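Working notes, structure below.
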Amino acid sequence: LNTPPISLRVNAEAFFAYDAFRPGQRELATKVYERCISGGLILAEAMSGFGKTAAVLCGAVAAAKDSGCRVVYACRTKRQIQRVVEELAGLQKRHRFRAAALFSKYDYCLLKKGLMTVTQGSFGWYCGFNVSNNLCSYYLNLGLLGEELERATDRVAYNVPSHSQLLSTSESIHVCPYELARLASARAEVVVVPYQYVFDPNSKPVLFDRENMDPAKTILVVDEAHNIRDFMRGVTSGSLSLDEIEAAAREAAALLMDEAASSLGEFSRAVERAVSGGGSWYVDRGAFVRGIADEHGATWLQNLAFTLNSCSAAAWGSILYDRKMASAVLKVGSFLLRLTGCEGQVLARWNRTLGLIDPDPVRRLPKFLKAFRGAILISATVNPSSVFIDSLGLKSATLEVYQTQARSAVVVRTAIDT
């Protein structure tokens, strides 16, 4: 079982974090390696406790070494990211390579500690405001550290730290932890990220708009892949109630955003007309937007969306009076961006609420995955596999089953013709 397969051209043990493979792990590592070398998509299913992460990392990192690629390992939760980081830390003790983990900016911010309450939804606004107005010394210090920053980046890349360790390192040199993690990830051979950096169009440019992160030269691993469809539906769908619009108008008025408050009142009346009365749940999205444009002008909705998402007056007022960021204002602004900018969603109504629902959130997923040198979708719960594959828009698959000595099975399904 532990005889190195001919197809794995590098020494497998060099890319495995433990002294020996469990039954089935080498087979999975080999299958991942072969698919990533030849190019394509693999769906790997194994029960909890099998050791999928270590096996997949072994095959993916070995393939990346042989093909000159990098590995992006996407996880659904922070806890799963930390688990992969632990595996990478063990692997780095056996083989020298750069690795990094990149959480959201909200998880790193040292500036907001003890100053004010900032919700995760409003953090992007808060961070952008402080950085653009030179109010964040942790960010400003990036340009002043020079060689010390270079040394810190190397330390965290060659010995990937836990999240708390990275925060401590950053605080000790007074530099933004997110920027330190981002610098490490820009040079890393393996980067562990939450789903949004791969599947959210608003966050994806952090990784894939840089020249050194070309998908064609990247091996993508997606952990707990049964969550992909729900995650992408959450990214592309949204809802907005009349109560939330009224709350946003009150927030805007309190922050002296008089024009925005007035516009929110007008928008509330348009929404009330759309959701009132009986009839179907369906709202003609095009007619709804055109009706507002006919009444207020062609760019009125887009201008309101921009104002609510980027207005510095609300940020200044929140900081000056030590208030929470204007979360209702941001909620309406986010909904308007989707309403005016995204395609494919259906507009619905229920209980004084408008909803944007994406009936096919994964319609672009097959083409997206095909752009990578190799893509590995792994999960413990994808049965029945045919339904799962169809739910992601993959058209056909071949099936191979590998039975382990421990009577637990790892099933590898290679999806083709996507």
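Observations on the structure shown:
- Close pairs from segment 129-148: first more than 15 Å from residue 172 (Cα to Cα), partner of a type in the set (Gly, Ala, Ser), Cβ under 7 Å, at least 6 apart: 129/312; 129/315
- Restricting segment 129-161 to residues that are among the polar types (S, T, N, Q) and over 22 Å from residue 101 (Cβ atoms) leaves a set whose member that is surrounded by the most Cβ atoms within 10 Å (Cβ to Cβ) is 130.
- Test for residue 381: is it open to solvent by 40 Å² or more (accessible area, probe 1.4 Å), modelled with pLDDT under 90, of a type in the set (S, T, N, Q) and assigned to a helix (DSSP H, G or I): no
- Any pair with Cβ under 8 angstrom, 6 or more apart, that starts in segment 346-369 at a residue that is touching a residue at least 60 places away in the same chain (Cβ under 8 Å) and farther than 30 Å from residue 267 by Cα and ends at one that is part of a loop (DSSP other than H, G, I, E, B) and among the hydrophobic types (A, V, I, L, M, F, W, C): 362/392; 365/392
- Residues of segment 179-213 that turn out to be assigned to a loop (DSSP other than H, G, I, E, B) and open to solvent by 20 Å² or more (accessible area, probe 1.4 Å), as a count: 8
- Scanning segment 334-359 for residues that are polar (S, T, N, Q), assigned to a helix (DSSP H, G or I) and either modelled with pLDDT of 90 or more or touching a helix residue (DSSP H, G or I) at 6+ places or on another chain (Cβ under 6 Å) (or both) turns up just one, 340.
- Flag for residue 124 being among the small types (Gly, Ala, Ser) and without any contact (Cβ under 8 Å) to a residue 12 or more places away in the chain: no
- Condition check for residue 217: farther than 21 Å from residue 342 by Cα, open to solvent by 50 Å² or more (accessible area, probe 1.4 Å) and not acidic (Asp, Glu): yes
- Meets criteria (part of a helix (DSSP H, G or I) and at pLDDT below 95) for residue 144: yes
- Hits in segment 93-120 (condition: surrounded by 14 or more Cβ atoms within 10 Å (Cβ to Cβ) and in a helix (DSSP H, G or I)): 105, 106, 107
- Residue pairs whose Cβ atoms lie under 8 Å apart, sitting 6 or more positions apart in sequence or on different chains, and linking a residue in segment 222-233 that is on the phi > 0 side of the Ramachandran plot to a partner that is open to solvent by 60 Å² or more (accessible area, probe 1.4 Å), are 224/76.
- Any hit, segment 214-229, residues being assigned to a helix (DSSP H, G or I) and small (Gly, Ala, Ser): yes
Yes or no, residue by residue, for (1) more than 17 Å from residue 349 (Cβ to Cβ); (2) surrounded by fewer than 13 Cβ atoms within 10 Å (Cβ to Cβ); (3) at pLDDT 90 or above:
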| residue | (1), (2), (3) |
| --- | --- |
| 275 | no, no, yes |
| 283 | no, no, yes |
| 293 | yes, no, yes |
| 316 | yes, no, no |
| 332 | no, no, yes |
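- Here residue 21 fits the description: out of contact with any Cys (no Cβ under 7 Å at 6 or more places or on another chain), more than 22 Å from residue 385 (Cα to Cα) and among the aromatic types (Phe, Trp, Tyr).
- The one condition in (1) out of contact with any Pro (no Cβ under 7 Å at 6 or more places or on another chain); (2) in a helix (DSSP H, G or I); (3) open to solvent by 20 Å² or more (accessible area, probe 1.4 Å) that residue 245 fails to fulfil: (3)
The values are calculated or read from the model by the stated rules, or taken from the named source; none is laboratory data. Predicted, not measured: the structure shown is a model, and the values here were computed from it. All Cβ positions, glycine included, derive from the backbone under ideal geometry; neighbour counts span all protein chains shown. Accessible surface areas use protein heavy atoms only, side chains included; no ligands, DNA or RNA. Shrake-Rupley method; radii C 1.70, N 1.55, O 1.52, S 1.80 Å.
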